[in-house]
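Accompanying notes for the structure given below.
The values are calculated or read from the model by the stated rules, or taken from the named source; none is laboratory data. Nothing here was measured: the structure is a model prediction, and the numbers come from that model. Here the Cβ positions follow ideal geometry from the backbone for every residue, glycine too, while neighbour counts run over all protein chains shown.
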Amino acid sequence: MKKTINCLDLKEQHSKIKNEIFEAFEKVYSKTAFSGGPFVQEFENNFAKFIGADYAVAVSSGTTALHLSMLALGIGNGDEVIMPANTFIATPWGPSHAGAVPVFVDCDPKTWQIDVNKIEEAINPNTKAVIGVHLYGQPFDLDKVKSICDKYNLFLIEDAAQAHGAKYKEKTVGSFGEMACYSFYPGKNLGACGEGGGITTNRNDLKEHLHSLRNHGSKERYFHDEIGYNYRMGGLEGASLNIKLKYIEVWNKKRQEVAKRYLTEINNSRIQMQFQPEWAKSVFHLFVVIADNKTEFENHLKENGINPAYHYPVPCHLQKAYSNLNYKKGDFPNSEYLAENCISLPMYAELKTKDVTKVIKVVNSF
Ligand SMILES: *Cc1c(COP(=O)(O)O)cnc(C)c1O
């Protein structure tokens, strides 16, 4: 049988570090530190250092991180939060779960990041925040978005779920705004053996509030000062993340090497790649391309043993879940074009050199 190359394969990475991870699990087990506890705290300290933020707060997923970021800032009913239309659906879940309304804007046709020239027209007196997304691992233009937020007195939240360790103008993303939200879903650049998420911030008051919110609104046991949630991270997840954090820079570097080959060796005028500005050091969570004929291209890949994926085929404003917001097709042409034509090529740290060569050959022969 012919071998197929998938977009993502977690097996090799996990078999390499299995012994180390199992030793860590052993420690969690013997301490029965299954919910929060010392292993999660250790991860929080190490992750904050890695990002260069004062604090990291571990939670149960990227989605709950986004939800809590809204609550910690007091964003709720009647408030509006601006974000790109072309993101994973969990970005708008953040404000929606808090009772606020996501307001979408289109993306730039080259970088596919939030179009900074479209943000101001979406601002009104109800606007409280902008969630920028470091899409596919590439930082969005933080200085520009931040200056708009400062001008209109809005909070800036980074959705860094795809960008652990990415750099904007030489500085690691994750401490440019009020907070940054991460996912440690297994398929992310830094993924737990299980579900997980986190928030980084430089503000002590927000850190304290997040600690309470994730733990039933409680600062002192038996006393609940506000309606809270059970959004803690598990001990096994924390321990696995602690091990994996040691390797993230090596893994990101490998992804960057694969991306460098794609970017220099793919030269097919029917294929468009995400434009990489010189100030953006992407960690290439995904390598998405646009083909001039999606169906033809996906068939070409499949016939040649490459299994394509799609990130994301339906933009947020056209999802049924948001039909009440009354967006329509044509509202955000760049996001819609990307959604209709995007195909993700294989991208992960353990991808073999010969497989990268094969992908490049197949893409160029389309
Ligand atoms: C994965 C992801 C999330 C959500 O994270 P989960 O851990 O799956 O809840 C949020 N935003 C973006 C951009 C993501 O890619």
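Tabulated data for the structure shown
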quantity	calculated
Residues located in the stretch 123-163, provided they are under 19 Å from the mean Cα position of the chain (by Cα), part of a loop (DSSP other than H, G, I, E, B), of a type outside the set (S, T, N, Q) and more than 11 Å from the ligand (Cβ to nearest atom)	Pro139, Phe140, Asp141
Any hit, the stretch 323-331, residues being buried (at least 20 other Cβ atoms within 10 Å of the Cβ) and more than 22 Å from Gln113 (Cβ to Cβ)	no
Failed item in (1) buried (at least 24 other Cβ atoms within 10 Å of the Cβ); (2) under 21 Å from Phe34 (Cβ atoms); (3) of a type in the set (Ser, Thr, Tyr), with Tyr185 passing the rest	(1)
Top-ranked residue of the stretch 187-238 - restricted to ones that are among the basic types (Lys, Arg) and closer than 17 Å to Leu66 by Cα, ranked as nearest to the ligand (Cβ to nearest atom)	Lys188
Filter pass, Gly305 being of a type in the set (Gly, Ala, Ser), within 27 Å of Thr264 (Cβ to Cβ) and not assigned by TED's automatic domain parsing to the domain that holds Met83	yes
The stretch 1-53, subset part of a helix (DSSP H, G or I) and among the hydroxyl-bearing types (Ser, Thr, Tyr), residue surrounded by the fewest Cβ atoms within 10 Å (Cβ to Cβ)	Ser30
Looking only at the stretch 55-105, and only at residues there that are part of a loop (DSSP other than H, G, I, E, B) and polar (S, T, N, Q), the one that is nearest to the ligand (Cβ to nearest atom)	Ser61
Failed item in (1) farther than 19 Å from Leu245 by Cα; (2) within 15 Å of the ligand (Cβ to nearest atom); (3) of a type in the set (A, V, I, L, M, F, W, C), with Phe184 passing the rest	(1)
